Amino acid sequence: MISFESVTKRFGDGTTAVDNLDLEVPEGDLTVLVGPSGCGKTTTLRMINRMIEASSGRILVDGQDIAKVDPPELRRRIGYVIQQVGLFPHRTVGDNIATVPELVGWDKRRTEARVGELLELVGLPAEVRDRYPHQLSGGQRQRVGVARALAVDPPIMLMDEPFGAVDPIVRSRLQDEFLRLQQEVRKTIVFVTHDIDEAIKMGDRIAIFRQGGHLEQYAPPDELLAEPATDFVADFLGAERGLKRLALIPVSAVKAESGPVVSPDDDGQAGLTAAEAYGSDWVVVVDGDRRLLGWAHAGEAAERGRVGDAEIRPFQLQVRAEDSLRAALNAMVQSRTGVAVRVSDGDRYEGIVTLELLSKEIS
Amino acid sequence: MTDAPAPVLAAELIRWSWVGDHLDDIRGYLFQHVQLTVLAVLFGLLLAFPLALVAVRWPRTYSPVLGFTGVLFTIPSLALFILLIPFTGLSVRTSLIGLTIYTLLILVRNIVEGLRGVDPDVREAAQAMGYTPARQLLQVELPLALPVIMAGIRIATVTTIGLVTVTALIGQGGLGRLFIDGFTLNFTTPIVVGIVLSALLAFAADLALVGLQRQLTPWARSRGS
């Protein structure tokens, strides 16, 4: 755990970068510091490994005041990843990753084995080990940076816009990979970004800073989006706050309605009655095992006699329990029925999600 | 009016028999030339490094350091050697002190520029990985500054090889002694031998330093041509 206790940083020119900050970063969580430039987020991050010294207040790492630890000693226990990566151009990928093991005096065999392990962990092929950084792509370099930071398995990682220098497609892939990696390694991570979407995607908790180094709000993303504490936070989250929140809530969080469900063998008139009872002009068609077949116009079914005689149209998009409500909303707006149909893993019909259910959930 | 005797052009630019008779002398001069050059550049490096480190650590000292070594560099070489004679006499010491002083400007400037040219992100990363300042200098910054430092060493070496000949006037001089011999004897052969050998020496030294640099910077070799 990392605790800031009334930490202030004033620079020589009189500007206050961080103003009386109290913050607790829980163990094993990914905490994002986010805010516009000049809000003190990077300064806050760099005070944790004493790259910048606090002007007043205390920073504790696992209960120990870091001001009392020799900086190089402290830094070897804290992984560090920056946007420009800062790989050593004169060392091979393998030697770059071996930097901290070498500094703390691991023997050669242990280091070699660890380098191999880390290359695999970050998804790099073994043959890049003997290449130099300038022979890699931007995405590969970023992975080497992460591997280097993880080398001695430090309990804490500091990441300053780590995915800022790669193109959006690579960035999104690196983010996903990193989240999977974090599931595995469970580090205490402090992550700086100016991109609120990245913060929402990556963070277990988000600290929003305002210019002048004020912490405006510190909360899990879901809570932040639901109840922004100040106008600044609401502005920073942006006008699509509701949509962003939907992305964080799983479909399983709302109770799906059973909807007008019929089977192909049912009488068309019965289908029409079911649709009218539900208040729609369509019915969901499932087979005897409740496997989803599609939907049909209720009127057409009534005319033709049997539901199965009407044209059964597929639902182009279906959602599952673990999908986000944002995916459900997308399915709704793309379907003539105006609802999202929820299915199980075996494609069995589980119910429908409506716009009404969504707005009830987020309002 | 046209009886004037044809000018006694040095009938030949080089008399090989003289070269053959003086091989031992020539070898000795060449050896001294190499020795003076190597020692001057070495002492130059020993002095330039601390000066450069001070200039990098405290940037305000850079201008004065550069200014001082620059002033030393502008003193005419002959004048400098003559100025030193009252203190150190007509000795190897005098020529070494002079030659070393002339390497300082180039070496200090290139070491400082080399160290300053290290990518700040790389420096930041090294610090954040937990390098102590001394280890960071030796293992990260110096290797990365090496190409610029080596460029300085090359210029300093070639310049020194030229300057060594001047010290012949104070009784040292390596191959420069051949110029004095040729001049006093009014005989071109030693002069030609001296010029050719010192040029070859400069060329060979430069080539050797380039080779050394390639050996020391394997990461630069794989860069696209």
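Every number here is computed from the coordinates shown, using simple stated rules; none is lab data. Note that the coordinates shown come from a computational prediction; the quantities given were computed from them, not determined experimentally. Cβ coordinates were reconstructed from backbone atoms using ideal geometry, including for glycine residues, and neighbour counts include every protein chain displayed.
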Percentage, to the nearest whole number, of Cα pairs in the protein assembly as shown over 46 Å apart: 46 percent
- line: Taking alpha-carbon centroids only, the stretch A:237-293 lies from the stretch A:319-337 a number of Å equal to 11 Å
- request: Report the label-to-label distance for A:D197 and B:A199 in nanometres (one decimal), using points 7 Å from each Cα along the Cα→Cβ vector.
  value: 6.7 nm
query: Which stretch or stretches of the stretch A:97-124 have amide N atoms under 19 Å from the point lying 7 Å from A:V69's Cα along the Cα→Cβ direction?
result: A:99-106
task: Just name one of A:G299, A:G14, A:A98: the one whose Cα is farthest towards the positive end of the charge dipole of chain A (beta-carbon charges, Lys/Arg +1, Asp/Glu -1).
output: A:A98
field: Mean separation of Cα contacts under 8 Å, 6 or more apart, over the residue count of the stretch A:252-362: relative contact order %
entry: 26 percent
statement: Dividing the alpha-carbon radius of gyration of the stretch B:110-225 by 2.2 N^0.38 Å, where N counts its residues, gives 1.54
query: Hey, got the dipole for chain B? About the Cα centre, +1 on K and R Cβ, -1 on D and E Cβ, debye to the nearest 20?
result: 760 debye
message: Could you tell me how far the Cα centroid of the stretch B:36-64 sits from the Cα centroid of the stretch A:17-73, in Å?
response: 38 Å
- prompt: Given springs between every Cα pair under 10 Å in a Gaussian network model of chain B, which of B:A208, B:A151, B:A134 has the largest fluctuation?
  reply: B:A134
query: Quick one: if you take sqrt(5λ) for each eigenvalue of the C-alpha gyration tensor of the stretch B:169-224, what semi-axes come out, biggest first, whole angstrom?
result: 38, 11, 5
- line: Under 24 Å between C-alpha atoms, the lysine pairs in the protein assembly as shown lying 8 or more places apart or on different chains count 13
message: I'd like the GluC sites (Glu not before Pro) in the stretch A:227-328 restricted to DSSP loop residues with at most 15 other Cβ atoms within 10 Å, sorted by number.
response: A:E240, A:E311, A:E322
- prompt: Using the beta-carbon distance between A:R291 and A:S363 and R0 = 45 Å, what value does 1/(1 + (r/R0)^6) give for FRET efficiency, to the nearest 0.05?
  reply: 0.85
task: Among B:L99, B:L51, B:L212, determine the one that fluctuates most according to a GNM of chain B built with springs between C-alpha atoms less than 10 Å apart.
output: B:L212
message: Which residue fluctuates most in the GNM of chain A (Cα springs below 10 Å): A:N330, A:N49, A:N96?
response: A:N330
task: Please give the FRET efficiency for B:V19 paired with B:R116, using the beta carbon to beta carbon distance and R0 = 41 Å, rounded to the nearest 0.05.
output: 0.25
- prompt: For the stretch A:131-148 and the stretch B:166-182, what is the separation of their Cα centres, given in Å?
  reply: 56 Å
message: Using Cβ contacts closer than 10 Å as the measure, can you line up B:E12, A:E5 from fewest to most?
response: B:E12, A:E5
Point-to-point label distance, B:T132-A:R313, nm (Cα→Cβ direction, 7 Å offset): 7.5 nm
query: Got the relative contact order for the stretch B:81-225 handy, in percent, Cα pairs under 8 Å and 6 or more residues apart?
result: 24 percent
message: Can you give me the distance in nm between label points at B:R60 and A:V170, each placed 7 Å from the Cα along the Cα-to-Cβ direction?
response: 4.3 nm
